[in-house]
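Notes to accompany the following structure.
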Amino acid sequence: MGLPAMAANEGIQLCVFDTRRGHQEGQELDKILFFFPSDFPYSVQLSVVGLSEGIITFTRIFSPDAACEVIEEERHSHVFYQAEPDIWMVMIVEKNKDNESDWRCDALIDVLKEAHSLFTMFNDSLQALLDKQPSGELARSRLYTFINDYLSDFYVGKKIQVPSFRDCLKERRTVQMLTVSREVAIEVQSLATVIGSSSLGSTACKSLILFQDLLVATTLSPGDTANMFTYAVLRLTPHALSSNTSSWSYLRRGVSGSSITASSGLLNSRSSPEEYHHGSHDSSMGEQSNRYHMPRPLQRDNWSKGKDGFLVCDIQLNVGGLVYLAPVVWLQQSEEHMYLCIYQHRSLTIIILIPVCSQTDGEQGIALVKKQLLENASEKIVHVEEKLSRGWGGENAYHVSGYRYLLVDTDKSISRTSPPGKVMTLAKDSLLTLNKLREEVDLEKTRANREKPDHEKNLEICIRAKNNSWIIAKITQGRELYMAIEKANETLLYASDAVEKFSDRYCDGAFSLD
């Protein structure tokens, strides 16, 4: 497809563009809202965006309701995501000669979906930003810092590493839950009720409670819970706050000093977002910052723990023309702005969301809510953390001997998976086969959804890999199970029986034949 060579240290291109803009001669750059790497010549950026838009337009001739999602060519994979009406995100990933280029395109699309969801949570929709500032300068500024900070988590050394076949037992944009006893669950619910009543106004606070990197309780919708959980594991939990500790959660990646240097350099490249609009090379991020304050909630080291147990940050967000010192997030389900307040006690992280509309006193009102929370809930917080710590089984708490698995509840956006350390023990052939199987399942699900959107797809596939391991996928009633069993000399009957036992014991029989 005649694409330019990738930057040696990048391996990907990522662009965001608005198909309604840039149709007049000489204003073509106005279409581009974001491009990575930003130091690519404008002619190259226009070529990539023009090709992507052409593919979208062409495929809509044959499929008006669902434009192109994936294009595979010899040297690149192209994935497309329509983030908002007329606004597209496209990622182009360069293929290497080794097997590390074996990835699921749906996993790459999930990266784009996650980036957009997190961006919207902190900045509002792109369309809202374009309505507020029609030139696009504000939207470009926000995208420029946010996506570059987001991509910093994908650096391994000096190169970006996208999800590959080694990540086939992970599911992005889902929540990992902590299983607790009925007694503990009642105490956690009592704590959540106290937190909800901490608001000074008539509208109750909402909350998430996490232990380690696992969710214990939430009062948000599944979609908002998934977004807030993702952000918490990336930047708020004790593992995330510790620069010397690499969390075992799949969302976290070990970041070396060299990778931090590389990602920091993203914001120092020669192209600033302002250049897209003016075509000038004289502007700088410093000048842009003076014109529009750019919140950077994904910037590392933004959060730190205060003496009172509350996390403090230097994020500022602009809502309705007023600047709030406390971070503000947008809940998509309830369509309301909420102050973001985090309290941490040992391994327990409590995210408190305070309605902006209920706090007329701003920072003073938030301080009163914090004071009220400490007075009413301190003992409960200490008690719940102690109970959870005593019952905690460690990083391998959800390991099942003999199995490497991924269990997904798509309706509730919940997943559970074998610990990463255990997944790493799988043979490469097992991982490659499982990745290919998930690709086939993705295609089958997409096809079934287009043909019968209201019909639930039931599916069962069992494959023998080259190394004689059994690779299994089962889908039923909105739940999905992917599994690798490395028993070289066992029969299909053994593999089927092993899945039945797993289903009966850990999935309430959801995948059993009976």
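The values are calculated or read from the model by the stated rules, or taken from the named source; none is laboratory data. Quick caveat: nothing in here was measured; it's all calculated off a predicted structure. We place every Cβ from the backbone using ideal geometry, glycine too, and count neighbours over all the protein chains shown. Side chains included, ligands, DNA and RNA excluded: accessible areas come from the protein's heavy atoms. Shrake-Rupley method; radii C 1.70, N 1.55, O 1.52, S 1.80 Å.
Observations, loosely collected:
- Residues of region 161-174 classified as buried (at least 23 other Cβ atoms within 10 Å of the Cβ) and hydrophobic (A, V, I, L, M, F, W, C), total: 2
- Meets criteria (of a type in the set (Phe, Trp, Tyr), more than 21 Å from the chain's Cα centre (by Cα), buried (at least 16 other Cβ atoms within 10 Å of the Cβ) and under 15 Å from residue 472 (Cα atoms)) for residue 398: no
- Condition check for residue 435: in contact (Cβ under 8 Å) with a residue 12 or more places away in the chain and open to solvent by 50 Å² or more (accessible area, probe 1.4 Å): no
- Taken together, the residues in region 354-387 that are outside any helix (DSSP H, G or I), farther than 20 Å from residue 217 by Cα and in contact with a Gly (Cβ under 7 Å, 6 or more places away or on another chain) amount to 1.
- Top-ranked residue in region 38-70 [being closer than 17 Å to residue 11 by Cβ and aliphatic (A, V, I, L, M); ranked as surrounded by the fewest Cβ atoms within 10 Å (Cβ to Cβ)]: 44
- Test for residue 17: is it modelled with pLDDT of 95 or more, buried (at least 19 other Cβ atoms within 10 Å of the Cβ) and within 24 Å of residue 158 (Cα to Cα): no
- Qualifying residue in region 107-121 (condition: in a loop (DSSP other than H, G, I, E, B) and under 25 Å from the mean Cα position of the chain (by Cα)): no
- When region 369-397 is filtered for residues that are touching a Pro at 6+ places or on another chain (Cβ under 7 Å) and touching a residue at least 40 places away in the same chain (Cβ under 8 Å), only 395 remains.
- Any hit, region 392-410, residues being in a helix (DSSP H, G or I), in contact with a helix residue (DSSP H, G or I) (Cβ under 9 Å, 6 or more places away or on another chain) and not hydroxyl-bearing (Ser, Thr, Tyr): no
- The set of residues from region 71-92 being in contact with a strand residue (DSSP E or B) (Cβ under 7 Å, 6 or more places away or on another chain) and open to solvent by 50 Å² or more (accessible area, probe 1.4 Å) comprises 75, 82, 86.
- In this entry, residue 112 passes the filter for residues that are within 18 Å of residue 81 (Cβ to Cβ) and open to solvent by less than 10 Å² (accessible area, probe 1.4 Å).
- Among the residues of region 124-160, those that are over 28 Å from residue 28 (Cβ atoms) and surrounded by 17 or more Cβ atoms within 10 Å (Cβ to Cβ) comprise 152, 153, 154, 155.
- Pairs with Cβ under 8 Å, 6+ apart, first in region 347-364 and of a type in the set (Asp, Glu), second assigned to a strand (DSSP E or B): 363/324
Matching residues to (1) assigned to a strand (DSSP E or B); (2) surrounded by 13 or more Cβ atoms within 10 Å (Cβ to Cβ):
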position	(1), (2)
425	no, no
439	no, yes
445	no, yes
448	no, yes
473	yes, yes
482	yes, yes
487	no, yes
496	no, yes
500	no, yes
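- Qualifying positions in region 502-514 - open to solvent by 50 Å² or more (accessible area, probe 1.4 Å) and more than 14 Å from residue 406 (Cα to Cα): 504, 505, 508, 513, 514
- Going through (1) of a type in the set (A, V, I, L, M, F, W, C); (2) modelled with pLDDT under 95; (3) not in a loop (DSSP other than H, G, I, E, B) one by one, residue 66 falls short only on (3).
- When restricted to residues that are farther than 30 Å from residue 97 by Cα and not in a helix (DSSP H, G or I), region 158-208 contains 20.
- Within region 311-324, the presence of a residue that is among the aromatic types (Phe, Trp, Tyr), open to solvent by 10 Å² or more (accessible area, probe 1.4 Å) and modelled with pLDDT of 90 or more is excluded.
- In region 487-501, the residues that are more than 14 Å from residue 402 (Cβ to Cβ) reach residues that are at pLDDT 85 or above and open to solvent by less than 50 Å² (accessible area, probe 1.4 Å) with C-beta atoms within less than 8 angstrom, at least six apart or across chains, in these pairs: 492/470.
- Among the conditions (1) within 25 Å of residue 446 (Cβ to Cβ); (2) open to solvent by 30 Å² or more (accessible area, probe 1.4 Å), residue 118 misses just one, which is (2).
- Any hit, region 134-149, residues being assigned to a loop (DSSP other than H, G, I, E, B), modelled with pLDDT of 95 or more, out of contact with any His (no Cβ under 9 Å at 6 or more places or on another chain) and more than 27 Å from residue 418 (Cα to Cα): yes
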